[in-house]
Amino acid sequence: MPATTLQIAWRNLGRNTKRTALAILAITVGQFALLATDGLMRGYADNIRRAITGPMIGDVQVHAAGWRQERAIDLVIEDTKNVITQIQADLSVMNAAARIYAPVLFAPEKDAFVAMVVGLQSEIESHEWGLLSGMTEPLQKGKVLIGHRLARKTGAKVGQEIAVVGQTADGSLANDLYVIQDIIKCPVDIVNQSGVVMSLDDAQQLLCMPNAAHEIVVRTNQSGQAKQLCERLRKIKGLTEAEILTWQQLVPELVVVLDMSDWVGYFVVVIVCIAALAGIANTLVMSTFERMHEFGMLLALGSRPRRIVGMIVYEAILTGLLGVAAGTLLGYLFVWVTSGTGIDMASWGGSEGEVADMAYRGLNLPLHIYPRLEISDTLIGLVAIMATSLIGSVWPAWIAGRLEPMEAMRA
């Protein structure tokens, strides 16, 4: 039984094992680099999304009109409890939490320091995606939490009584005494730097804001539905004049960063294709010139030129497939090994544990990355290599397809 064109092409890969191995190695390294890069970038993008839609921003935010620009203490959302009840009635809403922000003077002893009162609902914000993520003890009435950097700067200590002085929503003087319940390290940098965190009820009482808040943070249980949720929230009574924005509208700069992370993969694909093209084209050209005499004999015995061309094309495809398969195996092995423990990028800078995250506009972006891959990452590499393999075989196949039997046999 005569061998098929594919079988002959497969055997031809072993004619010069070193050259074939080098071509496959170039493709393997390129595919591995593509998957490793995609895994790291997807892990980094996941960190950014979690930081944005988690502790600080949420999926959607609600404010009184003009509050984000002026930060005026009297620009509030009225009847907060009723508004939150209506928001949570939406089936796509996981939770909605009210917050209050107000600049104050904070005095742990004789000296006073500028700080920011953050009033919140600790029972909601203590979950893993909340402002107090990881906190196990409820925030007690009359007690506050102090950001660890503020505590270090002011010398504040747990159990110490402090004075908080500011301005109420009606313009009068706000002042009261509180006990420091704990020093916290928060996933939001502004709280670490200047936060005096108290319960929403305490903040409303201190600032004369009964049943009112500056911000409502809404988190959804349906990814990608923030825009549709905004449209529904605008129909709620009490929010018709409010400013309701998605996280993409609130931090457009980080949306650009997320989009750029997708393009990194395409840049690596180009490098992979260049490596594959150089390896495959070089291997096939050398192989074609070495087998001129053989091709001439095959043509003289009646083989059609298209079978010679087919052999060369099959060799290119097989070389590409072997390289992609090996690179994919190594890429997934890398992601599998690192996805459990993650990769601490902070250690790359020699910080020795001192820096665990990167702050941007009050957000802490964790530098501990857990690589992740999607099927599309593999398919992009596969399609790119196959297309490159075909392109790389064009010149050798064109040379072989135009051979004259007698001239080739004399070569």
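From the list E161, E137, E128, E123, the lone residue that is acidic (D, E), surrounded by 13 or more Cβ atoms within 10 Å (Cβ to Cβ) and at negative phi is E123. Mind checking which residues of segment 205-229 are of a type in the set (A, V, I, L, M) and within 21 Å of R68 (Cα to Cα)? Selection gives L207, M209, A212, A213, I216, V217, V218, A226, L229.
Condition check ((1) over 22 Å from L131 (Cα atoms); (2) surrounded by 14 or more Cβ atoms within 10 Å (Cβ to Cβ); (3) of a type in the set (V, I, T); (4) outside the structural domain of G323 (by TED's automatic domain parsing)) across all residues:
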residue: I190; (1), (2), (3), (4): no, yes, yes, yes
residue: G195; (1), (2), (3), (4): no, yes, no, yes
residue: Q222; (1), (2), (3), (4): no, no, no, yes
residue: L233; (1), (2), (3), (4): yes, yes, no, yes
residue: K237; (1), (2), (3), (4): yes, no, no, yes
residue: W263; (1), (2), (3), (4): yes, no, no, no
residue: F267; (1), (2), (3), (4): yes, no, no, no
residue: V270; (1), (2), (3), (4): yes, no, yes, no
residue: G279; (1), (2), (3), (4): yes, yes, no, no
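Out of curiosity, is V62 of a type in the set (A, V, I, L, M), part of a strand (DSSP E or B) and under 19 Å from N192 (Cβ atoms)? Here the answer is no, as V62 does not meet what is asked. As for segment 2-22, it holds at least one residue that is without any contact (Cβ under 8 Å) to a residue 24 or more places away in the chain, more than 18 Å from I312 (Cβ to Cβ), part of a loop (DSSP other than H, G, I, E, B) and not hydrophobic (A, V, I, L, M, F, W, C).
With respect to (1) out of contact with any strand residue (DSSP E or B) (no Cβ under 6 Å at 6 or more places or on another chain); (2) under 22 Å from N192 (Cα atoms); (3) free of Cβ contacts under 8 Å to residues at least 60 places away in the same chain; (4) not hydroxyl-bearing (S, T, Y), the lone exception for E70 is condition (2). For segment 225-235, the count of residues that are modelled with pLDDT of 90 or more, more than 30 Å from T168 (Cα to Cα), among the basic types (K, R) and over 18 Å from the mean Cα position of the chain (by Cα) is at least one. All told, L258 falls short of being at pLDDT 75 or above and either closer than 30 Å to R42 by Cα or of a type in the set (A, V, I, L, M, F, W, C) (or both). Among the residues of segment 49-78, the ones that are aliphatic (A, V, I, L, M) and surrounded by fewer than 20 Cβ atoms within 10 Å (Cβ to Cβ) come to 3 in all.
Considered as a group, the residues in segment 347-398 that are in a loop (DSSP other than H, G, I, E, B) and among the polar types (S, T, N, Q) include one that is modelled with the highest pLDDT, and that residue is S393.
Residue-by-condition table, conditions (1) in contact with a Phe, Trp or Tyr (Cβ under 7 Å, 6 or more places away or on another chain); (2) over 21 Å from A64 (Cβ atoms); (3) part of a helix (DSSP H, G or I):
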{"position": "E231", "(1), (2), (3)": "no, no, yes"}
{"position": "L239", "(1), (2), (3)": "no, no, no"}
{"position": "I244", "(1), (2), (3)": "no, no, no"}
{"position": "Q249", "(1), (2), (3)": "no, no, yes"}
{"position": "W263", "(1), (2), (3)": "no, yes, yes"}
{"position": "F267", "(1), (2), (3)": "no, yes, yes"}
{"position": "C273", "(1), (2), (3)": "no, yes, yes"}
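Within segment 25-44, residues that are buried (at least 22 other Cβ atoms within 10 Å of the Cβ) have Cβ atoms under 7 Å from residues that are acidic (D, E) in these pairs: L35/D377; D38/D377, counting only partners at least 6 apart in sequence or on another chain. Scan segment 99-111 for residues that are at pLDDT 90 or above and either of a type in the set (S, T, Y) or surrounded by fewer than 17 Cβ atoms within 10 Å (Cβ to Cβ) (or both) and the total you get is 3.
The values are calculated or read from the model by the stated rules, or taken from the named source; none is laboratory data. These numbers come from a predicted model, not from an experiment. Heads up, the Cβs are rebuilt from the backbone with ideal geometry, glycines too, and the neighbour counts pull from every protein chain shown.
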